[in-house]
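Here the structure is laid out as structure tokens; the discussion comes afterwards.
Nothing in this text is a laboratory measurement; each read-out follows from the coordinates by a stated rule. In this text the structure is predicted, and so the values were computed from the model without any measurement. When we count neighbours, we look across all protein chains shown, and the Cβ atoms used for this are built from the backbone with ideal geometry, even at glycine.
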């Protein structure tokens with residue numbers, strides 16, 4: 001039988017410098033923001049708006065993305081885990097029962113934020129643009145939203161690639177030979193070390209992925225849909241449509257249209273691909289629609305409203 005499964009086993013870390021690790025996920029965010037700045041500057045130049053505004057705009061966007069995504073994860077997905085540990089919501093730390101040279105607060109260590117939610121990021125960016133508009137009054141709020149969604153769509157491409165490199169937000173089992181074996185998702189660190197009898201989980205994962213001695217272990221890992229890749233490719237299409245509509249049509253002159261189009265396209269993609277994803281919360285596995293889909297529905301409706309409402313064109 002033709003074997004099309006890909007054994008997916010990259011380390012999330014690009015390299016380490018002592019206690020500091022550089023991860024693909026963080027790199028993808030940096031690329032997304034830097035590319036977004038260039039896209040927005042091109043748009044501002046096209047409309048004869050001073051590009052100096054872009055720098056302050058993206059400070060708002062960066063803070064809103066990270067803060068909104070973090071709060072979205074907490075309140076939409078993980079409130080039960082954080083309601084009794086509120087300090088962990090906004091501080092990038094986690095409990096370290098064994099102690100650590102990174103200990104900073106009663107046995108806690110720095111690990112980076114564990115969990116970000118895109119719906120929260122979207123809400124955060126909208127709120128931030130409202131606050132930004134109150135300070136910088138050169139254009140209307142909807143004018144800014146109509147343009148900011150273009151780089152946001154491009155940024156979503158890289159965020160999902162970061163998820164892919166982290167082997168997280170995986171798809172359901174395909175029951176076929178097509179898909180990815182997410183070794184790090186389906187074999188925990190402790191289990192990987194126990195199987196290979198090593199005390200280093202990176203070495204353990206390397207052995208499972210490359211050594212013929214562990215072929216039976218590898219073959220037991222289920223083949224899953226690479227939903228992160230599906231989403232990333234879909235967001236390229238969303239970005240391309242927004243880019244085309246902005247540059248090749250007069251729809252950008254209809255206040256709110258591009259913002260609405262973004263909301264409809266991006267959250268429709270999310271709604272559809274969620275059918276192929278593993279539920280992020282075990283207790284919600286039997287829900288007809290999962291959390292991501294339920295949150296996407298109002299986003300799509302808001303988008304339809306802005307696309308089809310009657311307004312005077314500029």
How would 54, 238 line up from fewest to most surrounding beta-carbon atoms within 10 angstrom? 54, 238
Cα gyration tensor, region 221-310 - rounded (a/c under 1.5), prolate or oblate: oblate
Take the alpha-carbon positions of the chain, form their convex hull, and give its projected area averaged over all directions (one quarter of the hull surface) in nm². 19.5 nm²
Shape box of region 171-284 [Cα atoms, principal axes, largest first, Å]: 64, 30, 26
With angles folded into 0 to 90 degrees, how steeply does helix 52-72 sit against the dominant principal axis of the chain? Use alpha carbons for both and round to 10. 50 degrees
Take every DSSP beta bridge whose two residues both sit in the chain, then give the antiparallel share in percent to the nearest 5. 65 percent
Burial ordering of 57, 34, 67, fewest other beta-carbon atoms within 10 Å first: 34, 67, 57
Order of 299, 40 - criterion: other Cβ atoms within 10 Å of each residue's Cβ, fewest first: 299, 40
What is the angle, in °, between the Cα long axis of helix 24-46 and the longest principal axis of the Cα atoms in the chain? Nearest 10 is fine, range 0 to 90. 10 degrees
Can you give the FRET efficiency to the nearest 0.05 for residue 4 and residue 52, using r as the Cβ-Cβ distance and R₀ = 41 Å? 0.20
Mind checking which of 23, 194, 147 has the largest fluctuation in a GNM of the chain, springs on alpha carbons under 10 Å? 194
So for region 2-80, using the alpha carbon gyration tensor with a ≥ b ≥ c as root eigenvalues (a/c under 1.5 gives rounded; past that, a/b versus b/c decides prolate or oblate), I'd call it prolate
Report, to the nearest 10°, how far helix 291-308 tilts away from the longest principal axis of the Cα atoms in the chain, using its own Cα long axis and a range of 0 to 90°. 20 degrees
For labels at residue 236 and residue 302 in the simple 7 Å Cα→Cβ model, what's the distance in nm? 2.8 nm
Of 121, 64, 192, the most mobile residue in a GNM of the chain (C-alpha springs, cutoff 10 Å) is 192
In whole Å, what are the Cα extents of region 191-246 along the three principal axes, biggest one first? 57, 21, 17
Running a GNM on the chain with Cα contacts under 10 Å, which residue among 30, 49, 278 ends up with the highest mean-square fluctuation? 49
Jot down the per residue volume, in cubic angstrom and as a whole number, of the convex hull over the alpha-carbon atoms of region 259-308. 62 Å³
